[in-house]
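Right, one structure below, let's go through it.
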Amino acid sequence: MMLAEVGVNDTAPGVQADWLRQARTDLPTAFPRVRAMVYFDSRGSGDADWVLPGNPRTEAALRQLVHDPYFLPHPGAGR
């Protein structure tokens, strides 16, 4: 299963980083059938802004999420 157009609005400092860290924890345990996620990195109108800014905390959380072994391909695993 793949989640498409997932995003989180940075309504306060750290919200995006916290959300990405929580997704890294929750997806494998609460939603084990989810094997891929596409982040909706887009500027909306008004307060709707899902762009992952150049914030070091957010970038670190995203890097940890995309490099988590759970989300890496498993050749020959029959998934």
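The values are calculated or read from the model by the stated rules, or taken from the named source; none is laboratory data. Source: prediction; values computed, not measured. Please note: Cβ atoms are built from the backbone with ideal geometry, for glycine as well, and neighbour counts cover all protein chains shown. Side chains are part of the model used for accessible areas, which takes the heavy atoms of the whole protein and leaves out ligands, DNA and RNA. Shrake-Rupley method; radii C 1.70, N 1.55, O 1.52, S 1.80 Å.
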- Query: Once Lys and Arg get +1 and Asp and Glu get -1 on their Cβ, which of Phe40, Pro69, Asn9 lies farthest toward the positive end of the dipole of the chain?
  - Reply: Pro69
- proj_area_mean for the chain (convex hull on C-alpha atoms), units nm², value 5.5 nm²
- In degrees, nearest 10, the alpha-carbon axis of helix 15-30 is tilted away from the dominant principal axis of the alpha carbons of the chain by 20 degrees
- Note on the structure: Taking a crude spin-label model, label points 7 Å out from Cα along the C-beta direction, the Arg57 to Val15 distance in nm is 1.3 nm
- Message: Can you give me the % of accessible surface on the chain that is carbon or sulfur? Probe 1.4 Å, all protein chains present, nothing else counted.
- Response: 57 percent
- For Asp26, put the label point 7 Å out on the Cα→Cβ axis and report which residues of the range 33-64 keep their amide N under 17 Å from it. 33-40, 61-62
- Task: Tell me the trypsin sites (Lys or Arg not before Pro) within the range 32-62 that lie in a loop according to DSSP and have at most 14 other beta-carbon atoms within 10 Å.
- Result: Arg33
- Message: Please compute the contact order of the chain in relative form: average sequence separation of alpha-carbon pairs under 8 Å and at least six residues apart, divided by the residue count, as a percent.
- Response: 37 percent
- Message: Can you give me the angle between helix 56-66 and the longest principal axis of the chain, using Cα atoms only, in degrees from 0 to 90, rounded to the nearest 10?
- Response: 20 degrees
